Amino acid sequence: MIADKHYPENLNLWELDQYLEKAWYRMGQLIFTTHFLFFGKSVFSALWLRLPLFRYVFQGSNRKLLQRIRERFQVHIRPMTFSNEKEDLYARYAERFDGTLAPSLQEMLLEYAEESIYDTWEVAVYDGEQLVACSFFDRGFHSLASIFAMYAPDYERHSLGYFTLLAEVAYALDNEYTYFYPGYVVPGNPRFDYKLRIGGVEYYDLKTEKWQPFQAIQPDRVPIWLIQQKLDTLQGILEGAQLPAIKLNYTFFDINLVSLGLINRNSYLEYPVILYLPGTRFIVITFDPRTELYHLLRCRDLFEEKQVLSEFLILKNDEAFFNHLVVIEEILESSPNAQTICRAVGTANMNSA
């Protein structure tokens with residue numbers, strides 16, 4: 001699946017390694033994966049990263065930042081605990097955060113659980129007696145995963161958020177871990193690019209399900225860019241054949257991250273961008289970057305059957321979005337060839353008329 005989540009009751013260190021190896025990540029007490037994200041009206045790829053630690057050494061500015069912060073502040077790496085000072089720091093950080101955070105640090109890390117199933121440690125940075133930054137990471141058997149970092153807004157010039165990330169890497173090196181997982185980057189959105197400054201990272205390739213050097217990535221390996229290009233090509237061919245198709249962002253591509261329990265989860269449409277054939281009864285075209293196949297699909301609208309769903313799912317009030325929660329009823333055609341799909345669309349249109 002392109003998006004999925006699990007709610008493990010228990011998770012040992014080895015099991016966490018296995019999840020991380022497959023580009024999963026924890027949020028609260030659940031563990032999930034997704035490979036696409038919406039920011040505003042645009043859809044992006046999420047490329048999961050890992051840092052192989054064998055022969056890794058800090059270079060240049062990273063080494064200098066580690067040294068400078070350690071000389072200026074007191075740094076403690078220890079098992080995670082909750083405290084009022086951490087909650088106060090979290091509240092101050094959340095006020096300036098560009099996005100949505102949980103109401104409290106405890107809710108972010110535990111959700112509604114009383115204790116964590118993860119072996120979580122913290123990097124705590126003090127200026128004298130004052131806590132000015134703190135980050136949290138989970139320990140696996142061979143791997144570490146960075147989870148969250150916060151810092152006092154008035155200390156922003158010290159780069160303490162990035163420092164705690166480097167301190168987590170240093171801890172992994174000192175304790176002979178094999179991999180460090182810093183989360184994801186989003187090509188086309190520089191907000192997360194600071195993670196690339198670590199150097200030497202790999203990304204999870206959705207097609208091969210292998211980790212590849214990030215520095216060697218080509219534009220056609222970024223899944224959303226490949227999807228957009230393939231659908232644009234097919235849309236042009238369809239227009240030439242007088243078969244109109246509308247390219248839309250699909251609002252509910254990540255519906256598997258929501259626990260509905262209505263149908264077989266494998267039946268949900270899970271592509272972030274589609275071509276919709278107007279005048280048909282929910283016939284859409286997708287392109288799967290994992291198999292590099294187009295799919296011509298006949299779908300069914302769940303909203304028509306389960307009206308209550310619309311009260312719980314957030315619709316995108318924009319004409320660029322396809323707001324029907326659909327399930328796949330039939331695969332009408334699959335092919336890597338756009339012309340083959342074009343011919344199948346002509347048949348599908350006649351059959352649906």
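Throughout, read-outs are computed from the coordinates displayed, never taken from laboratory work. Computed from a prediction, not measured in an experiment: that's the story for all the values here. Note that we place each Cβ from the backbone using ideal geometry, even for glycine, and neighbour counts take in every protein chain shown.
If we scan the range 176-190, do we find a residue that is in contact with a helix residue (DSSP H, G or I) (Cβ under 6 Å, 6 or more places away or on another chain), of a type in the set (Ser, Thr, Tyr) and farther than 22 Å from Arg96 by Cα?
There is at least one residue in the range 176-190 that is in contact with a helix residue (DSSP H, G or I) (Cβ under 6 Å, 6 or more places away or on another chain), of a type in the set (Ser, Thr, Tyr) and farther than 22 Å from Arg96 by Cα.
Part of a loop (DSSP other than H, G, I, E, B) and under 25 Å from Ser83 (Cβ atoms) - does that describe any residue in the range 136-157?
Within the range 136-157 (the criterion being part of a loop (DSSP other than H, G, I, E, B) and under 25 Å from Ser83 (Cβ atoms)), the answer is yes, since at least one residue qualifies.
Kindly state which strands (runs of 3 or more DSSP E) lie completely within the range 180-296 and contain at least 2 residues that are surrounded by fewer than 16 Cβ atoms within 10 Å (Cβ to Cβ) and either touching a Lys or Arg at 6+ places or on another chain (Cβ under 9 Å) or of a type outside the set (A, V, I, L, M) (or both).
Fully inside the range 180-296 and qualifying: 210-213.
Does at least one position in the range 30-46 carry a residue that is loosely packed, with under 12 Cβ neighbours inside 10 Å and farther than 22 Å from Asp254 by Cβ?
no
For the range 199-222, does any single residue satisfy the condition of being in contact (Cβ under 8 Å) with a residue 60 or more places away in the chain, among the hydroxyl-bearing types (Ser, Thr, Tyr), under 18 Å from Leu37 (Cβ atoms) and touching a helix residue (DSSP H, G or I) at 6+ places or on another chain (Cβ under 8 Å)?
Checking the range 199-222: at least one residue is in contact (Cβ under 8 Å) with a residue 60 or more places away in the chain, among the hydroxyl-bearing types (Ser, Thr, Tyr), under 18 Å from Leu37 (Cβ atoms) and touching a helix residue (DSSP H, G or I) at 6+ places or on another chain (Cβ under 8 Å).
Starting from the range 180-193, take each residue that is in contact (Cβ under 8 Å) with a residue 40 or more places away in the chain and list its partners that are basic (Lys, Arg) and surrounded by 13 or more Cβ atoms within 10 Å (Cβ to Cβ), counting only C-beta distances under 7 angstrom and pairs at least six apart or across chains.
Phe180/Arg50; Tyr181/Arg50; Pro182/Lys195; Gly183/Lys195; Val185/Lys195
Would the range 92-99 turn up any residue that is among the hydrophobic types (A, V, I, L, M, F, W, C), more than 26 Å from Ser159 (Cβ to Cβ) and out of contact with any helix residue (DSSP H, G or I) (no Cβ under 8 Å at 6 or more places or on another chain)?
no
Looking for something surrounded by fewer than 20 Cβ atoms within 10 Å (Cβ to Cβ), touching a Phe, Trp or Tyr at 6+ places or on another chain (Cβ under 6 Å) and part of a strand (DSSP E or B) - is there at least one such residue anywhere in the range 19-29?
no
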